[in-house]
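Asks: Dumping the structure here so I can ask a few things about it.
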Amino acid sequence: MRTSLLAVAIALAACELGCCGVAAADAVADSCNAIRDFVDVSFCEARLGSVPGAAAADRHGHLLMAADLAAASGASAGDAAAAAARGAGDPAARDALRACAFLYGAASVPALRLLLGYAAARAWGAARALLLLTGKAGIGCDAALAGPAGGMASANREFDQLSAMATALLNVVD
């Protein structure tokens, strides 16, 4: 489902750009600059720029790409937390890692996938209603682990940045 929604977003963005005759050489930079108060522009440009079709997409397409990237990052971080929990010898660390995996798997990742679907349909109210859940895992995981324990700091940071990109882009689309 994720791949098909992303393909629809890229096709939609290309159609919109083709209909308007607008060249999109700096489309990624424009989208990232529009949310520069909320995300690191170089991170945004690198991550969005790595997605096929991003250079031809509009902000709506970039929102869908960012939500897709965030959901994938969250799923990966949740899997890493679950694996680390299985190998944790300390009961407190195991419980914290399980909590972290739960937050990713039960809150943030499903919310981002729903947000992606609603945003693809331009159902802005429904998409925005999910914002309270989308970033909870990174924040909650850091709190549960009391810092960079369990090797989750990098995964949480990546997720936080991607989730912030999706949130910020949702707030600037037309």
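The values are calculated or read from the model by the stated rules, or taken from the named source; none is laboratory data. All of these numbers come straight from a predicted model, not from anything done at the bench. Using ideal geometry, Cβ is built from the backbone for each residue, glycine included, and neighbour counts are taken over all protein chains shown. Keep in mind that these areas ignore ligands, DNA and RNA; they rest on the heavy atoms of the full protein, side chains included. Shrake-Rupley method; radii C 1.70, N 1.55, O 1.52, S 1.80 Å.
Asks: May I ask you to work out the translational diffusion coefficient for segment 17-142 at 25 °C, viscosity 0.890 mPa s, via Stokes-Einstein with Rh from the Kirkwood sum over Cα pairs, reported in whole µm²/s?
Replies: Using the Kirkwood radius from Cα pairs, D works out to 154 µm²/s.
Asks: Give the calculated FRET efficiency between A121 and A29 to the nearest 0.05, with a Förster radius of 41 Å applied to their Cβ-Cβ distance.
Replies: 0.95
Asks: Sorted by average packing, counted as other Cβ atoms within 10 angstrom per residue and highest first, what order do 112-121, 68-77, 44-53, 165-174 take?
Replies: 68-77, 112-121, 165-174, 44-53
Asks: So, one more: To the nearest whole percent, what portion of all C-alpha pairs in segment 132-174 is separated by more than 13 angstrom?
Replies: Counting pairs separated by more than 13 Å, the tail of P(r) holds 53 percent.
Asks: How large is ³J(HN,Hα), in whole Hz, for each residue of segment 48-59 in order, when computed from phi with the Karplus curve 6.51 cos²θ - 1.76 cosθ + 1.60 and θ = phi - 60°, using x for Gly and Pro?
Replies: 5, x, 7, 8, x, x, 5, 5, 9, 8, 9, 4
Asks: Could I ask something else about it? Solvent-accessible area of F102, probe 1.4 Å, all protein chains present, reported in Å² to the nearest ten, please.
Replies: Using a 1.4 Å probe on the heavy atoms, I get roughly 140 Å².
Asks: State the dimensionless ratio Rg/Rh of segment 92-174 (Rg: radius of gyration of Cα atoms; Rh: Kirkwood radius).
Replies: 1.04
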